[in-house]
Every structure is written in structure tokens, then in C-alpha cells.
Amino acid sequence: MELRVLSNTSPAFVVLFCLLVCMIFPNALPSDSEKDTSAKKTADDDEHDEHDEHENKMNLKFQEKPMRAFTDEDLSVYDGSFEGRPIYLAVKGVVFDVTSGKEFYGKGATYNPLAGKDCTRAVAKMSLDPQDLTADVTGLSKEELDSLDKVFREVYMAKYPVVGHMSFTAVDMDAEPLYRTEL
Ligand code: HEM
């Protein structure tokens, strides 16, 4: 019965009917720009999937906030001496906000010498000797470098937000691969 109605309907009527529907519901069909957006979304989604996969593989926590590049001098003002200012330190060129570990890094606390510095060498050697409060890892043993990587991942990456990078990490592409941090 319905088939008969359809077959009896003139093509001109069908065209007119479609035009009428398009006039009443102009948003029913996707515009070219909408098509572009949905195509872009798919590409973006792919990029996000890749990003998530990388994030999971590296066990990293990315922040929404933009990253800052720190010089030694920039970092030094976050050493816990100033009440109300966050406490930062860097390990392997990555700057962490360790304010939540104030009992370790705050003024007068045991590990306060590490605060406001790239203390990579000290962490690798488990030393608080002022000579080791540096980013320089020259001459460290494999055990010390392995220990550094473990503390980097299991303490710093696991506990503290990343707020930036030491500016030298961006330019020192000739650094030893063990020292470079892939983010
Ligand atoms: C006799 C010497 C030491 C003892 C008994 C000791 C003990 C400890 C203990 C018990 C913790 C865990 C605290 C907690 O999670 O509640 C800790 C954390 C830590 N220690 Fe030591 N430590 C010593 C020396 C050092 C030295 C020389 C360094 C030099 C870098 C160092 C670096 C650290 C770091 C980076 C942490 C992690 C702090 C954090 O969670 O942010 N320790 N230590």
C-alpha cells in the first residue's frame, strides 16, 4: 500500500518536499565547515590516542599548565626560604614542585639543600655534599645512574607535579643519552 503511494508520487513532488524540509530545518545537513571540523577531530583524536599511549608507556603525568624553562638563577628562588612561595627542585633537568614534601625540603628540613637546585648528582649518589648539588653527572657509575632513574620515576614523577624544565635541557642535544629525559 505504502509502496504504491510512493510509486504514485511524482518526482517533482519529492524534489519540492526535500527543498521544503531543507528550508524548515537548515541545520539538518552538515555544513562544509562542520564536515571539516569532524574530519579534524578524527585527526586530533588519533594524536591524543598516541599521546595517551606515550604517557602511559613513560608513566608520566602531564599538566594542563604551560611548562616553564628555568635557569639556575630562576630556580634558586624556590629554595624554601620564602614563606608562601612554592618549593621547586630539578632532577634530570625536570623541575618539580615539591611543596607538598615541605617536611623534607622546607627551610631547616633534612633535604632542604636539594631545594632550589638541579640536584641530579646528589640524588644519584644519595649525597648532600655541596659539591654534588649539581646537574653534572660526569663520571657516575652505572649503579648510581640506575638509582637516579629509579628515584626520578618512583619518587619525583610519582609524587610531584612537573612545573618546567631546566633551560639547558632544551639545547644540550649532545648530552649523554642516559642523562637526557624523554618527555
Ligand atoms: C642516614 C641517611 C639517610 C636516611 C636514614 C634516610 C632515610 C630516608 C627515609 C626514611 C625516607 C622516606 C621518608 C618518607 O617517605 O616518609 C627518605 C626519603 C628520601 N631521601 Fe633519604 N635518608 C638518608 C640520606 C639521604 C641522602 C644523603 C639523600 C641525598 C639526596 C637522601 C635523599 C632522599 C630523597 C630524595 C627522599 C625522597 C623524599 C621525597 O619523598 O620527596 N636521603 N630518606
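Quick notes
- Those residues of segment 107-123 which are more than 10 Å from the ligand (Cβ to nearest atom), buried (at least 19 other Cβ atoms within 10 Å of the Cβ) and small (G, A, S), in sequence order: A115, G116
- Residues satisfying the stated conditions in segment 124-135, i.e. surrounded by 13 or more Cβ atoms within 10 Å (Cβ to Cβ) and among the acidic types (D, E): D132
- Filter result for the condition that a residue is more than 12 Å from the ligand (Cβ to nearest atom), under 21 Å from H165 (Cα atoms) and surrounded by 20 or more Cβ atoms within 10 Å (Cβ to Cβ), over V77, V95: V95
- Residue in segment 124-159 that is nearest to Y88 (Cα to Cα), counting only those that are within 10 Å of the ligand (Cβ to nearest atom) and not in a helix (DSSP H, G or I): L133
The numbers here are math on the coordinates, done by the rules we state, and not lab data. Predicted model, so just to flag it, every value in this text is computed and none were measured. Cβ atoms come from the backbone with ideal geometry, glycine included; neighbour counts cover every protein chain shown.
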